[in-house]
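What follows is a short report on a single structure.
The values are calculated or read from the model by the stated rules, or taken from the named source; none is laboratory data. What you see is a predicted model; the values in this text were computed from it and never measured. Every residue, glycine among them, receives a Cβ derived from its backbone with ideal geometry; neighbour counts consider all protein chains shown. The accessibility values were calculated without ligands, DNA or RNA, using every heavy atom of the protein model including side chains. Shrake-Rupley method; radii C 1.70, N 1.55, O 1.52, S 1.80 Å.
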Amino acid sequence: MTAGGELLSRWQSLRQELEADHVMLLATSKYSSDEAVATLVHAGQRDFAESRPQALRDRARMFPHCRWHMIGPLQKNKAKYVARHASMWHSVDIIEVAEAVASQLDNRELPILLQVNISGEKQKHGVSPHDVGKSLHALRQLSGLKVSGLMGMAAKVGDPTPAFQTLRQLRDQYHEGDLNTLSMGMSHDYLAAIREGATIVRLGTALFGRDYSDSMPAK
Ligand SMILES: *Cc1c(COP(=O)(O)O)cnc(C)c1O
């Protein structure tokens, strides 16, 4: 099978698997080629994620009929890329940056997820579970941003389930009718995330292949 064919067969089987649980497959294309993205777009995939703001802008311009999700850290001076091009922003964890994005939205509403540090690792992004209530309160005041749920990442090693349970419990605790989305689960732990109620899984390697460049169709 060609690399493009292998990519498509992984996509089809992941989609079947996730559709049965009503979970959205977010194709995390940050390390993959334009050709691999085009292959999936052609097959019908519409939701993609990038972790760098300029890459999000470039791909949103290249594939304007798709929904581009921002999943990486953002600095205030790059807020305009997310304000203009993102369909959903998963990695909100600093109120000042959220304000900057909100102020540059051009007459549209942007769904956002509060990123919570559920792994307990200090170097990880996201607000501490203790600050979730306070952060949601602040974000709910910002017009243009629509608080829609929570996002989190489990630690790379060890049992991911307790971290996902924490995110789900926080969602239930702070739900004001608006926290319907739980973005959790990556290639190595998405099955555990789905068991704990994920509504979006962000898959890079499991979809595009281990060496992402492998997924490029032969030229
Ligand atoms: C890269 C990335 C993913 C996908 O990682 P894989 O392990 O390749 O599936 C998911 N979420 C975030 C925030 C990422 O940066």
Next on the checklist: When you check V37 against the structure, is it in a helix (DSSP H, G or I), in contact with a Cys (Cβ under 7 Å, 6 or more places away or on another chain) and either modelled with pLDDT of 95 or more or buried (at least 23 other Cβ atoms within 10 Å of the Cβ) (or both), yes or no?
Outcome noted: no
Checklist outcome for this item: Out of (1) small (G, A, S); (2) open to solvent by 20 Å² or more (accessible area, probe 1.4 Å); (3) under 23 Å from S135 (Cβ atoms), the one S9 does not meet is (3)
Checklist entry - For N107, which of the numbered conditions (1) farther than 22 Å from R202 by Cα; (2) within 17 Å of the chain's Cα centre (by Cα) fails to hold? => result (2)
Checklist entry - Taking segment 46-84, which residues are outside any helix (DSSP H, G or I) and open to solvent by less than 10 Å² (accessible area, probe 1.4 Å)? => result F48, A49, E50, W68, H69, M70, G72
Checklist entry - Where residues in segment 187-198 are over 12 Å from Q165 (Cα atoms) and surrounded by fewer than 19 Cβ atoms within 10 Å (Cβ to Cβ), which of them is farthest from the ligand (Cβ to nearest atom)? => result L191
Next on the checklist: Here is a check on your reading of the model: is S135 within 28 Å of G204 (Cα to Cα), among the polar types (S, T, N, Q) and either touching a residue at least 24 places away in the same chain (Cβ under 8 Å) or open to solvent by 30 Å² or more (accessible area, probe 1.4 Å) (or both)?
Outcome noted: no
Checklist entry - When segment 155-180 is examined, which residues are found to be within 14 Å of the ligand (Cβ to nearest atom) and open to solvent by 20 Å² or more (accessible area, probe 1.4 Å)? => result A155, K156, V157, P160
Item to check | Set S119, S91, S103, S87: member being open to solvent by 80 Å² or more (accessible area, probe 1.4 Å) and of a type in the set (S, T, Y) | outcome: S103
